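> Handing you a structure now.
Laboratory data are not the source of any read-out in this text; all were calculated from the coordinates shown. This one's a predicted model, so the numbers in the text were calculated from it and none came from an experiment. Cβ: placed from backbone, ideal geometry, glycine included. Neighbour counts: every protein chain shown.
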Amino acid sequence: MKQACVCVLMLLTTSACGGLRIHSVGQSESRVRLVADEIVETNDWSGNFCPQLSTPTLRRTFPERDRGLLVALGPQEWGVSIPGPGGALSGSLLFRERQYNFFADGDRGYNLSFISEGQGLRPGEKSLEIVGTGETINYNVAYFGPETPNDWQLSRGAHLVEMEINGGNGGLEYLLATDVQVLDGTTEYPISIVGSLNSARDLFDAWSEELEPLTDEMMRGLRSDLPEGFNGSRTVREYGGVWPTWFDESSELEVVILSCPLEQTEGPEREVVPTPCAYDPVHGYAPCAYRDPEEPPRTVTQVRQYGYGMGARYRFDRQGRLLLEERYTPRSYVPN
């Protein structure tokens with residue numbers, strides 16, 4: 001096994017990193033601890049807070065048929081599925097319905113509808129133009145999730161699929177699945193997508209636990225650096241999640257996992273004096289909303305934020321073998 005490591009200079013995490021792992025009640029399978037063919041560890045990553053491990057593309061056209069992942073957003077066995085690799089606030093409204101998004105070739109997750117007979121989330125109608133004819137066809141559509149009854153055996157939080165798109169017409173922007181074939185677990189694609197996502201999560205959790213003594217100490221150091229008087233109530237908001245994608249040319253699954261807690265501590269109160277709004281001749285607008293000149297000063301509670309970001313990338317082949325584990329070690333973050 002080839003292994004390359006870079007010394008960890010700044011380690012900052014807490015046991016809260018496990019907070020992103022929200023288990024759902026439902027299907028699961030035995031967990032197998034994998035060892036990657038290659039392991040790389042580095043502190044060299046871009047992004048101010050959460051690691052920006054890749055820049056997702058955003059397609060505007062879709063072919064007649066396409067292969068990729070259907071992954072339900074929100075809490076899953078492997079954590080919180082997110083639509084892109086930049087991190088997202090855990091518990092966002094976006095994730096509450098656990099609807100499928102489509103992930104392929106490094107794109108962001110796309111919302112998509114399915115042909116519906118009344119089942120699914122937010123059912124409705126959609127008219128699509130048949131390419132080259134000027135005619136339209138009407139569909140009854142809805143968003144689907146793992147709990148939605150369907151004839152395509154879509155029942156898990158994640159599947160590798162081949163889809164017919166927009167009735168075999170492809171098209172621009174709007175994505176409607178009019179036929180779906182599940183591929184993972186077949187002779188051609190033996191990989192279990194759910195099993196691989198669970199394996200990636202287990203590896204990430206184990207790595208995070210190894211760092212915990214050092215990162216706890218670093219968090220205490222950040223708190224001790226707070227200005228005098230910042231000893232009030234403390235809250236933690238969890239950013240991050242799990243972003244998967246499928247690269248069809250190489251038949252590989254990539255899984256990015258991010259953990260980026262941001263802690264906030266309250267400090268002393270201070271008085272804020274309303275300021276008049278003057279016209280800005282450079283930008284051509286008033287820099288603030290209108291305020292009554294008689295408005296008295298008000299008191300606000302000061303806050304300070306600080307935290308860290310860390311992440312990892314995992315690459316699996318179509319057999320489910322773990323080819324690569326890239327670890328992006330924690331880096332502290334203190335907003336200006």
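> Can you tell me the FRET efficiency between Asn138 and Gln319 if r is taken as the Cβ-Cβ distance and R0 is 41 Å, rounded to the nearest 0.05?
Values: r = 42 Å, r/R0 = 1.03.
For R0 = 41 Å, the calculated efficiency reads 0.45.
> So for Met219, Met310, fewest C-beta neighbours within 10 Å to most, what's the order?
Ranked by crowding around the Cβ, least crowded first: Met219, Met310.
> Now, a different point. Provide the gained length on full extension for the span Glu295 to Ile130, in nm with one decimal, where the gain is 0.36 nm per separating residue minus the Cα-Cα distance. Please report the intermediate quantities before stating the final value.
Numbers: separation 165, 0.36 × 165 = 59.40 nm, distance 6.07 nm.
Additional length available on full extension: 53.3 nm.
> Treat every Asp and Glu Cβ in the range 140-256 as -1 and every Lys and Arg Cβ as +1, leave all other atoms uncharged, and give the resulting dipole magnitude about the Cα centre to the nearest 20 debye.
Working: 6 positive and 22 negative charges, 106 e Å.
For this selection, approximately 520 debye.
> Starting from the Cα of Asp105, step 7 Å along the direction of its Cβ; do the same at Arg33; then give the gap between the two resulting points in nm.
With each label placed 7 Å out from Cα toward Cβ, I get 3.9 nm.
> Would you work out if the range 118-162 is rounded, prolate or oblate? Take a ≥ b ≥ c from the square roots of the eigenvalues of the alpha-carbon gyration tensor; rounded if a/c is under 1.5, else prolate when a/b is larger than b/c, oblate otherwise.
Working: a/c = 3.60, a/b = 1.83, b/c = 1.97.
Taking the square roots of the gyration eigenvalues as a ≥ b ≥ c, the range 118-162 is oblate.
> Still on this structure, please answer the following. Pull out the extension gain between Gln264 and Asp248, defined as 0.36 nm times the separation in residues minus the alpha carbon to alpha carbon distance; nm, one decimal. Kindly include the intermediate steps, with their values, before the conclusion.
On the way: separation 16, 0.36 × 16 = 5.76 nm, distance 4.20 nm.
Length gained between Gln264 and Asp248: 1.6 nm.
> Please work out whether the range 217-279 counts as rounded, prolate or oblate from its C-alpha gyration tensor, where a ≥ b ≥ c are the square roots of the eigenvalues and a/c under 1.5 means rounded, while otherwise a/b larger than b/c means prolate and anything else oblate?
Values: a/c = 4.67, a/b = 1.87, b/c = 2.51.
Since a/c reaches 1.5 but b/c is at least a/b, the shape of the range 217-279 is classed as oblate.
> Sticking with this one: Select from Thr215, Gly185, Leu253 the residue farthest towards the positive end of the dipole of the range 171-262; place +1 on Cβ of Lys and Arg, -1 on Cβ of Asp and Glu, and compute about the Cα centre.
Thr215
> State, as an integer percentage, the relative contact order of the range 149-235 based on alpha-carbon contacts under 8 Å between residues 6 or more apart. All intermediate terms of the calculation are to be shown ahead of the outcome.
On the way: 59 pairs, mean separation 18.5, N = 87.
With pairs under 8 Å counted, the relative contact order is 21 percent.
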